[in-house]
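One structure is given below, encoded as structure tokens.
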């Protein structure tokens, strides 16, 4: 007779989430801890769009992680875009470290929009991006440029700010 697998045996065999599954979860959680201006959405039924600009490092991980999720009663959708002109109606724009367009050009194109711009390149938040994801001590951490968030009309919860490295300065907040 074959022994039954226990729950602990099954859990031990499960693979841990990938870096980009975790980053997808971070994007979703960021969305839940931000007050979005009403003008962010074209209607009460409009989706909450998380857009990936340029090369997509997530693959299907982000689609699977966010399937069936909502933010402020808006269904979450994932979109992929090659050009910054395609992301103006997105609530979150993720810029991968592989993106070839200069960060300054992306920020200039989205200036005045209620868009949370998240990136993973070194000095992304220092360059004016709203949130920068980075690896430190084997864990995903994040920095928030509060000036950029304010300029985008986004109000970030103090609970989220308490977990972040805060970035400020005259070179920040181009958004």
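Any read-out appearing in this document is the output of simple, stated calculations on the displayed coordinates, not a laboratory observation. Predicted, not measured: the structure shown is a model, and the values here were computed from it. Positions of Cβ are backbone-derived with ideal geometry, glycine not excepted, and every protein chain shown enters the neighbour counts.
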- Query: Can you tell which of 131, 34, 50 shows the greatest fluctuation in a Gaussian network model of the chain with Cα springs below 10 Å?
  - Reply: 34
- Calculated P(r) tail over 14 Å for the range 98-162, as whole % of Cα pairs: 56 percent
- Message: Taking 0.36 nm per residue of sequence separation and subtracting the Cα-Cα distance, how much length would be gained by fully extending the chain between residue 15 and residue 35, in nm to one decimal?
- Response: 3.8 nm
- Note on the structure: If the chain between residue 100 and residue 122 were fully extended at 0.36 nm per residue, the gain over the current Cα-Cα distance would be 6.5 nm
- Can you tell me the 0 to 90 degree angle between the C-alpha axis of helix 19-32 and the longest principal axis of the chain, rounded to 10? 60 degrees
- Message: Using a Gaussian network model on the chain with a 10 Å cutoff between Cα atoms, which of 98, 21, 113 fluctuates the most?
- Response: 98
- Just for the range 17-167, what percent of DSSP beta bridges are antiparallel, to the closest 5? 35 percent
- Task: Mind giving me the FRET efficiency for residue 166 and residue 88? R0 is 35 Å, r the Cβ-Cβ distance, nearest 0.05 is fine.
- Result: 0.80
- Query: Classify the chain: rounded, prolate or oblate, from the alpha-carbon gyration tensor (a ≥ b ≥ c, eigenvalue square roots; a/c under 1.5 rounded; otherwise prolate if a/b is larger than b/c)?
  - Reply: prolate
- Determine the calculated [θ] at 222 nm for the chain from helices alone, applying -39500 (n - 2.57) to every DSSP H run no shorter than 4 residues and normalising by the residue count; nearest 500 deg cm²/dmol. -7000 deg cm²/dmol
- Under a 10 Å cutoff between Cα atoms, tell me which one of 86, 14, 99 has the largest fluctuation in the Gaussian network model of the chain. 14
- Task: State, as an integer percentage, the relative contact order of the range 23-175 based on alpha-carbon contacts under 8 Å between residues 6 or more apart.
- Result: 23 percent
- Query: What relative contact order, as a whole-number percentage, does the range 86-169 give when Cα pairs under 8 Å and 6 or more residues apart are counted?
  - Reply: 24 percent
